[in-house]
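Report on the structure given below.
Since every read-out is calculated from the coordinates, none of them should be taken as a lab result. Here the structure is a predicted model, which is why all the values come from computation and not from measurement. Cβ: placed from backbone, ideal geometry, glycine included. Neighbour counts: every protein chain shown.
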Amino acid sequence: MISKWFPIDSAVSFKVSGKDSTRYLHNRLSNDIRALAAGASCLAAALSAQGRVEGLFSVSRLGESEFLLSSDGGDATKLSEILRRFVVADRVAFEDISKDLAVIHVAVSRDDLYPKLKDLGVAPLSIMDRARVSSFGVDIVINISDAAIVEKSFGEPLSKSNYDLLRWEFGTPVYPSEVNDSGMLLEYGLRNAVSFTKGCYVGQEVVERSDAIGKLPRQIARIRLTGSDLLSGGDSVVTLSGEALGKVVSVIPAPEQKGLLLFALLKSEKYKDGDAVMIAGRQGQVHGG
């Protein structure tokens, strides 16, 4: 049995193919797509010209001119439009294959997972190291026909609520709950989704400038808030003296702790771990990034 795994049922997956697919994705996304060998994967984002995150994908090279892109969620039509926005005469095709695939996070190392999948006769289309709820973690994309095999063998998955609690504890923001066009990749701590040597891509100048300055205007932080009454995303975060710090970006109920767990984008260098803050008249405590 696998003690911690979670099916990402909201996942959206595209097959991207065509003679110009490598060049187009390399210019559209934030990571080095040309450097991917067949079977390799990386995390990459589609950015606006202002450097805001419009989509976050695991990108896997299936063949010379064929790729698999999977997002944790979002609207498939909108994500497709975002990906193909700069297609002009490019020979590239996008196909939504979400219904044919299952995306699963498993909180083990790749070396521990491979033998298990082999014994089951399950060959993942994509496998990428991605720690979400513990120090080790792997995201796999498999055919939907293999999902039942995996579930039967792995045992009971984490509930959505337990998954969210664990990723908050581990400090993992995900798309689109926290990571979205409200902020930039580096503000979310997603440096591994950026190549600083690949050359031009949409939003590059903003990312490069933020990195060169060496100080981000905001960064993702976690806050534990007292009281179980829900908040709406976007509530202001202020110091006890009333100084504005930032905004709440997501709210995770924690009934056993009689409170709420929040992700927020806060002004850098205006707070430290353990600081008390106020949100909608309620007191909370910052738990760092």
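Taking 22 Å as R0, compute the FRET efficiency from the Cβ-Cβ separation of ASP96 and SER145 and round it to 0.05.
Approximately 0.75, to the nearest 0.05.
In segment 5-162, if the dipole is taken from +1 on Lys/Arg beta carbons and -1 on Asp/Glu beta carbons about the Cα centre, which of LEU69, LEU125, VAL108 is farthest to the positive end?
About the Cα centre, the residue reaching furthest to the positive side is LEU69.
What base-10 log of the normalised intensity I(q)/I(0) is obtained for segment 217-289 from the Debye formula, alpha carbons as equal point scatterers, at q = 0.25 Å⁻¹?
Results for segment 217-289 at q = 0.25 Å⁻¹ read -1.14.
Post the alpha-carbon centroid distance, segment 197-223 to segment 262-289, in whole angstrom.
22 Å
Kindly provide the Kirkwood hydrodynamic radius of segment 143-198 in Å, to one decimal, from all pairs of distinct alpha carbon atoms.
One over the average 1/r among Cα pairs gives 14.1 Å for segment 143-198.
Report the extension gain between LYS118 and GLU66 in nm, rounded to one decimal, defined as 0.36 nm multiplied by the number of residues separating them, less their alpha carbon distance.
16.3 nm
Just to check, using Stokes-Einstein with a Kirkwood Rh over alpha carbon pairs, what's the diffusion coefficient of segment 136-284 at 25 °C and 0.890 mPa s in µm²/s?
Roughly 140 µm²/s, to the nearest whole number.
Taking the simple approach of a point 7 Å from Cα along Cα-to-Cβ for both THR226 and SER109, what is their distance in nm?
Simple spin-label model gives 4.3 nm for this pair.
Within segment 185-289, report the trypsin sites (Lys or Arg not before Pro) that DSSP leaves as loop and that have at most 10 other Cβ atoms within 10 Å.
Taking segment 185-289 and a limit of 10 other Cβ atoms within 10 Å, the loop trypsin sites (Lys or Arg not before Pro) found are LYS215, LYS258, LYS272.
Once both labels are modelled 7 Å past Cα along the beta-carbon direction, what's the SER80-CYS200 spacing in nm?
2.9 nm
Work through the residues other than LEU68 whose Cβ is under 9 Å from its Cβ and net out their charges, Lys, Arg +1 and Asp, Glu -1.
+1
Given +1 on the Cβ of Lys and Arg, -1 on the Cβ of Asp and Glu, and no further charges, what dipole in debye does segment 9-139 carry about its Cα centre, rounded to the nearest 20?
Here segment 9-139 has a charge dipole of around 300 debye.
Jot down the radius of gyration and Dmax of the chain, Cα atoms only, both in angstrom.
Spelled out, the Cα radius of gyration and Dmax of the chain are 19.6, 60 Å.
Can you compute the modelled spin-label distance between ARG191 and SER236, with each label point 7 Å from Cα toward Cβ, in nm?
Simple spin-label model gives 3.3 nm for this pair.
Check the straight Cα-Cα distances from LYS267 and name the aspartates and glutamates below 18 Å, setting aside those fewer than 8 residues away within the same chain.
Result set, ordered by chain and number: GLU178, ASP181, GLU187, ASP211, ASP235, GLU243, ASP275.
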